[in-house]
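These notes are about the structure you will find just below.
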Amino acid sequence: MGSEIAKLSAENTLLKSRIESETYKADEPYHGRRTRVYSRYPSNDRSVFTIAAGGDDGMETGAPVITKDGMLIGKISDVRRTQSDVLTIFSPNWRSSAGIGASRVRAVLQGGGTPKLDLIPKEGKISEQDVVFNLSPEYPLDAYIGNIKTVYMSGDGVWQNAELRTPYELQDVDFVFVLVDFP
């Protein structure tokens, strides 16, 4: 009987660890489902990637997708039975509201090979390395997106613009969390 209890205890511990690794739990009132990312090799298209979870797993179009460290990386753009496509912040089709730095200077995040921040007020005090975070209601408020890489004035001199640097390479992302009960 003692060995059976030990065996059940070990199995219980294993199952608990599997459940914890499958569910993202932040300080926020939503949860994520962990899922693997299909390889994009040798393609260098960073605008969309495919994940190993679909409609059968509760995926829905528009659901926010974050990295294991809680960084906003994209949203579900297409759902099939067992797979879904994720539109990333590297897509030219991505646009969302963002904030910069401690003073929360407003900007528009425009996706692309190097995502840019546009329509930054000229008087906004921003600098290289400032933190960039989400302000769009479609995604978690204040979710980290990256840092300012460079700052420059718009061609007409009315706005500031900036380039975004992310602390990860998309090809190195092996799994993500889809926020299944957001908002």
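No value in this document is a laboratory result; all are computed from the given coordinates. Note that the structure is predicted; figures quoted are calculated from it, not measured. For neighbour counting, all protein chains shown are included, and Cβ atoms are generated from backbone atoms with ideal geometry for every residue, glycine included.
Per residue of the chain, what 222 nm ellipticity follows from adding -39500 (n - 2.57) for every DSSP H run with n ≥ 4, rounded to the nearest 500? Mind dumping the intermediate values first?
On the way: 1 runs with 21 residues, N = 183.
The per-residue figure over the chain is -4000 deg cm²/dmol.
Specify the angular offset, from 0 to 90 degrees and rounded to the nearest 10, of the alpha carbon long axis of helix 2-22 from the longest principal axis of the alpha carbons in the chain.
Rounded to the nearest ten degrees, it is 20.
Could you give the length gained on full extension between residue 43 and residue 31, defined as 0.36 nm per residue of separation minus the Cα-Cα distance, in nm?
Values: separation 12, 0.36 × 12 = 4.32 nm, distance 3.09 nm.
Taking residue 43 through residue 31 to full extension adds about 1.2 nm, to one decimal.
Taking 30 Å as R0, compute the FRET efficiency from the Cβ-Cβ separation of residue 131 and residue 175 and round it to 0.05. Before the final figure, lay out each step's value.
On the way: r = 24 Å, r/R0 = 0.80.
Once rounded, the FRET efficiency stands at 0.80.
Between (1) 1.09; (2) 0.93; (3) 0.99, which entry matches Rg/Rh (Cα atoms, Kirkwood Rh) as derived from the coordinates of this structure?
(1)
Among 118, 85, what is the fewest-to-most ranking by other Cβ atoms within 10 Å? If you can, show how the numbers build up before the last one.
On the way: 118 15, 85 21.
Lowest count first: 118, 85.
Pulled fully out, how much extra length does the chain show between residue 156 and residue 81, if you take 0.36 nm times their separation in residues and subtract their Cα-Cα distance?
On the way: separation 75, 0.36 × 75 = 27.00 nm, distance 4.78 nm.
Difference between extended and current length: 22.2 nm.
Using only alpha carbon pairs under 8 Å that are at least six residues apart, calculate the relative contact order of the chain and give it in whole percent. Intermediate results must be reported in sequence, preceding the final value.
Values: 414 pairs, mean separation 40.8, N = 183.
Relative CO of the chain lands at 22 percent.
Please get the size of the charge dipole for the chain, origin at its Cα centre, with Cβ charges of +1 on Lys and Arg and -1 on Asp and Glu, quoted in debye to the nearest 20.
Working: 21 positive and 25 negative charges, 29 e Å.
Taking the Cα centre of the chain as origin, the dipole is about 140 debye.
What whole-number volume per residue, in cubic angstrom, does the convex hull of the C-alpha atoms of segment 95-165 give?
Spread over its residues, the Cα hull of segment 95-165 gives 78 Å³ apiece.
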